[in-house]
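Step one of this worksheet: look at the structure below.
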Amino acid sequence: MDPIFDDFRKAYEEGNGYDLSMTLSPVDPDDQPDRLYKFFRSTNFAQVKKDLQYRILYDNAAPFKLPAEEGNGWVEVYLAYWKAVGEILNAENAPKSNAKTSWTKVYDSWKEMTNALIRGYTNCGFEAWTVPCLYVAGKYMRIFAIKADEATGASAGSVNNFQDDFNPEAEKNEKLEDAARQLNRIFTICLSDRAPLEESRKWGIYNIINLLFKTYFKLNSISLSKNILKAIQAYRGDMPTLDAFPKAHQVTFKYYVGVIYFLEENYEESEKNLTEAWQLCHKDAIRNKELILTYLIPCHLLTTHTLPTQALLSPYPRLQRLFLPLSRCIKKGDLSGFDAALVAGEDEFVKRRIYLTLERGRDIALRNLLRKVFIAGGFEDAKDANTPPVRRTRIPVAEFGAAISLGSKETMDSDEVECLLANMIYKNLMKGYIARERGIVVLSKGGAFPGTGV
Amino acid sequence: MRGTNAHLDPPAYHPVQVRQTFNPPPLHYMPMAQQQYPPPPPPSQPAEAPAPRKKIDWPQPVRNYVQRSFEPQNLLDDVPRSEMEVKLKATITSATDSNTLETIDWDNLPLPQQMIRAERAQAAISWQQESVDLRMGGNGPINTRDVNLKKRKSQEIGGDEDSNSHPPWRTTNNRNALEDRITFDKRQQPFHDDTHKGTSKFQKNLEKRQKRFDGGYKSTYKASPSPEPTSGPVVGTCQVLEKQYFRLTSAPNPSQVRPEPILRQTLDLLKKKWKKEGNYGYICDQFKSMRQDLTVQRIKNEFTVTVYEIHARIALEKGDLGEYNQCQTQLRALYAQKLGGNPVEFKAYRILYFIHTSNRTALNDVLADLTTAEKEEKAIKHALDVRSALALGNYHRFFRLYLDTPNMGAYLMDMFVVRERLAALSNICKAYKPDVKLRFITEELGFESDGDAAQFICDHNGQHLLEEKDDGLRFISGKAGQIFEAAKSQAFRKVDIKGQI
C-alpha cells in the first residue's frame, strides 16, 4: 500500500494533478509490474478502511495535514479503488466462461470509484488541480464498459421493462450507455463549477468532452455530441477560450468537431476544424495525423477540388492505399476506373464513413474528362491572324457521350449523357447550355471549366 | 397518520370552492359515489348555490371520517393515495352540495379506498360481460370499437347518450351485488348526465388513465392484486384471439397474454379481416397487442418475424411511418439472428427510407451491414442504385429505377419522388436553352403522361413556361428562373422522421 500513498503524498505536496491521477490508475506502471497486486494484497476487507484512514488522515510522518472532510473524501475514493482493483485482478485471471460477470463487476466497482470521486468534488471540497483523477476515472470507465458489453454478448437483458418491443441497441451497449451518463455527470460538475477560473474545474472540461465524443461515436449516437457543443456554447462567456487549454485537448476536440461537421455534410466548417487540428497536432503523433487526414482529404476534394500530393501521403501507407487509386482516376478523368476503385475500397470507406463523400468525387473526374474533350476539340478557324485563337465552343453531345462511355462496355444513351452534362452545368463545374434540338452543347467562351484555366 | 387538522386544512378543500364557480362538476367520480352510497339524499334545490364553503364548520363525524380514511391500518396497497383523495373530496363535496353533511351516517360510510375497490370490482364484472358479448356476437371488437368511438364523439358535442356508451369503469350495472343493497334514487339521473357533458381534454386524459388502471383488459382477473414481477418471461394463458392494445404499466398478467398457438390463429384472423375490411385503425391496434404479447413472452422466431413483416407492410401501405419504423427496428434485430423471413425485401425498404429522410449516417450504417451477396440481390441492388443515382444527380437513371421498383418500395419512393422531380427540373431549367419538348420532361421525370407533367409544372406556378408550338407542347426551360429552385429547397428542407398517424 505504501508506494501508492508515497506517490499520493508527494503529488499532493506538489499539487501535481497528473501524478496524483496515476495513483488511481487501474494499470500497473511499467517499472512496477505488480503494483496493483501488492496494493490489493497489502490489506483486507476488514482492515482496508482503517489502513486508508491511517495513511491519509492520521499519518504523523506526513508533511502536511488534509482537512478532515477532504481526507475522508479521499479515503472513500481509495476504498472504492481498492475494491475495483480486486475486481480487475479477478477479471484478468478469470476463465473465459466467467468473463461476463467479472467484467461487469469491474465496471460496477469502477463506477463506484468514480462516484466517490464525484462526491469528493461536490461534497468534500476536492480542489480543481486534482481533475486529472477524473480523466483517469472517465477514461477507464469507458474502457471497462466496452469490455463488459463485449463479454455480455447476446445474452438476454432484463425482462422487466414494459416496452412493447425489444430494444436491441440498448441490450447490446447497456454498460457503455451507462458510462455515457456517468461521463455526462463529470461533464456537468466541471462545467458548473463557479469557482474563479484559476482554480476552476472548468479546466477539465475538454478532456471530458473528448471522452464523451469518443463514447457517443462508439454508441453511434453522434447527434448527442451536438448537445455538448450547445452546452459549452452557452457557457462560453465564463470559460477560458479553447486555445488556453492543453494542446492535446484542443487537437482531439477539434478533430471530433471536424468529423461531426463532416458527417453533417458541412464541409466548410469541417475543413476549418480539421485544418486547425492538423496544424496543432504533435509532429510525431502519426496515428492522430492519419486520422485527421482521413477526413481532411475528402473535405478538400469537395471544397477546393484538390487532391492530396504524393509528398503529403508518403508517411502514411494506409492513406496511400485509401486515396491514391481514386486520386489517379479523378486526375485522369477515368470514370470506369473511378467506379472500380470506389467498389474496391468500399468496405474500408464505409467503415471510415467517407464513402458517401468520396463518391461525390466522381463529379470532378467527370469534369476533368469533359474538359479533355473540350481541349481535344481544338480551336475555331481564325478569321484573321491578329486575333488570338478561340476554342471550339459548340460541341456535339455525342462527343461527350463517347468520352463518357470510354472504358465501360456499353454506350450510354444520349438522354443520360445530357443528364450528366446538365448536372455539370447546374453545379457550376462547366459553363454553357445544352441546345437539345440541335444536339449540341454551347460552352462559354470565357472559362468553360471554371478554375481549371480553360 | 397525522392529526385531523392536517387533512381539514383549507387547501385540501380548495377545489370545492373552485367548483362552485364553474357549474359542471369537475370530475366524474362523484355520480358513482352518489349512486352507490345512499347517504346523500337528492339535493332539494340543486340549482341554488350553498353558502360559501369557507365558513363551513366541519362536523366532527366528517373530521373523524377523514381521519379514519388516512389511518395506516385502513390504507389499501392497490389504491393510490391520489385516487383516494379525489374520492374523499368528491364524497364530501357532494354531501356539502346537497346539505347532507349533518345527516349522513359518516361513522358507517365506507372509506374512500373501499369505495374505489368496490367500483373496480364492478367495472371488472361489467367488462367481463362486455367481452363475453363480443365473443358471442359475430361482429368482433372492430364494430364495437367504432361504435364506441362514435359515441365518444357524440358525447363530446353534448348529444344524448345511453348507458352502453359508458366506458366500463363508469357503467352502473344493475346486476351488481353492491348496487342491490343500495337504494337508488332515479332523480339523480339528470345530474348524472350533466357530468358527462363538457368532456374536456383533461377529463379525457383522466379517463384514459383511469381505464388503464382499473378497467381495461386487466379486469377479467378479479381478485386483482397484480402479480409479482417475475424474472423470467411470462407464459401466457389467454385463449381469446383478439385483444385491444394497452401500454403496459406493470408486469403483464399471464391470463391476459396469448401464447404462441393462439397468436398464430390471431394472425390468420387478422389477415382475413384486413383483406375483407381494410380497417387500419383496428388492424394496427391488434398488431400492437400481438407484438406486445410476443415481447413479454420473449418469443423470437420465424413467427415473430412474420408478424412484424406483415405489420410493417400494412403500415407502409397506409403511410404510417411511425409504426413502420418500429417494426423495421425490430426486424433488423430479428434478421441479425437469422430467424428467416424476407430480409432482402426489408433491407431494401430500409435503404429507400433513409434516402427519404436524407439520413446519411444511417445510410452509411446500412452499407456497412450489407454483405457482398446481399448487394447483388435484386431489391437491394435496386435500392442501392437509387441511392447512387441520386447521389450523383443522375435523375435520368433515378426515374428509370422509380418506374421499375420491386415489392412495395414504390410506397417509399413516392414519398420523395416529388422533391426529386423538383431537383431535376431545377437542373434542366439551368442547363437547357431555350426550350425542350414537354414530352422530354414527361419521359425524363417518369410522369405517366404529358398531362401529368404539365399539371406538375402548373402546380408549381410554371403555367407561363408551357407553350404550344407546331410540333406540340414545349417547356421553355430557359425562362423558368428560380421557381423550381425555390420549390426544391422547400421540399428538401426537413423530413419529418416520425410521421406518426
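Tell me which trypsin sites (Lys or Arg not before Pro) from the range B:315-414 have a DSSP coil assignment and no more than 14 other beta carbons within 10 Å of their own.
Those that pass, being in a loop and sparsely packed, are B:Lys338.
From the phi angles alone, apply the Karplus equation (6.51, -1.76, 1.60; θ = phi - 60°) to the range B:109-117 and give each ³J(HN,Hα) in whole Hz, x where the residue is Gly or Pro.
Working through the residues one at a time gives 5, x, 6, x, 5, 5, 4, 4, 4 Hz.
Can you tell me the length gained on complete extension of the stretch B:Thr372 to B:Asp459, counting 0.36 nm per residue apart and subtracting the Cα distance?
Gain on stretching B:Thr372 to B:Asp459: 27.0 nm.
With a cap of 14 neighbouring Cβ atoms within 10 Å, and only residues DSSP puts in a loop, list the chymotrypsin sites (Phe, Trp or Tyr not before Pro) found in the range A:200-274.
Here the sparse-neighbourhood loop sites are A:Tyr235.
From the phi angles alone, apply the Karplus equation (6.51, -1.76, 1.60; θ = phi - 60°) to the range A:217-229 and give each ³J(HN,Hα) in whole Hz, x where the residue is Gly or Pro.
Each residue's phi maps through the Karplus curve to give 4, 5, 7, 6, 10, 5, 4, 5, 4, 4, 4, 4, 4 Hz.
With each label point set 7 Å from Cα along the Cα-Cβ vector, what nm distance links A:Asn220 and B:Gln73?
Those two pseudo-labels are separated by 6.0 nm.
Test of the criteria: in the range B:61-104, which GluC sites (Glu not before Pro) are in a DSSP loop and have at most 16 other Cβ atoms within 10 angstrom of their Cβ?
For GluC sites (Glu not before Pro) across the range B:61-104 that sit outside H, G, I, E and B with at most 16 neighbouring Cβ atoms in 10 Å, the list reads B:Glu102.
With label points built 7 Å along Cα→Cβ from the Cα atoms of A:Asp34 and A:Glu92, find their separation and express it in nm.
1.2
Can you list the residues, at least 5 places off or on another chain, whose amide H is less than 5 Å from the amide H of A:Arg391, using H built in the peptide plane?
A:Glu380
In which sequence would A:Ser25, B:Ser250, B:Ser289 go, from the one with the fewest C-beta neighbours within 10 Å to the one with the most?
Result, fewest neighbours first: B:Ser250, A:Ser25, B:Ser289.
Quote to one decimal, in nm, the extra length available between B:Asp107 and B:Arg81 on full extension: 0.36 nm per residue of separation minus the C-alpha distance between them.
Taking 0.36 nm per residue and subtracting the Cα distance, the gain is 7.3 nm.
Given the rule -39500 (n - 2.57) for each run of at least 4 DSSP H residues, summed and divided by the residues of chain A, what is its mean residue ellipticity at 222 nm, to the nearest 500 deg cm²/dmol?
When only DSSP H runs of four or more count, the value is -20000 deg cm²/dmol.
How long is the gain from A:Leu242 to A:Asp381 if the chain were fully straight, where each residue apart is worth 0.36 nm and the alpha carbon distance is subtracted?
Full-extension gain reported as 43.9 nm.
Just grab the label-to-label distance for B:Ser358 and A:Thr188, each label 7 Å out from Cα along the Cβ direction, in nm (one decimal).
3.4
Bear in mind that the values in this text are calculations on the coordinates, not laboratory data. A quick note: this is a predicted structure, and the numbers were derived from the prediction, not measured. Please note: Cβ atoms are built from the backbone with ideal geometry, for glycine as well, and neighbour counts cover all protein chains shown.
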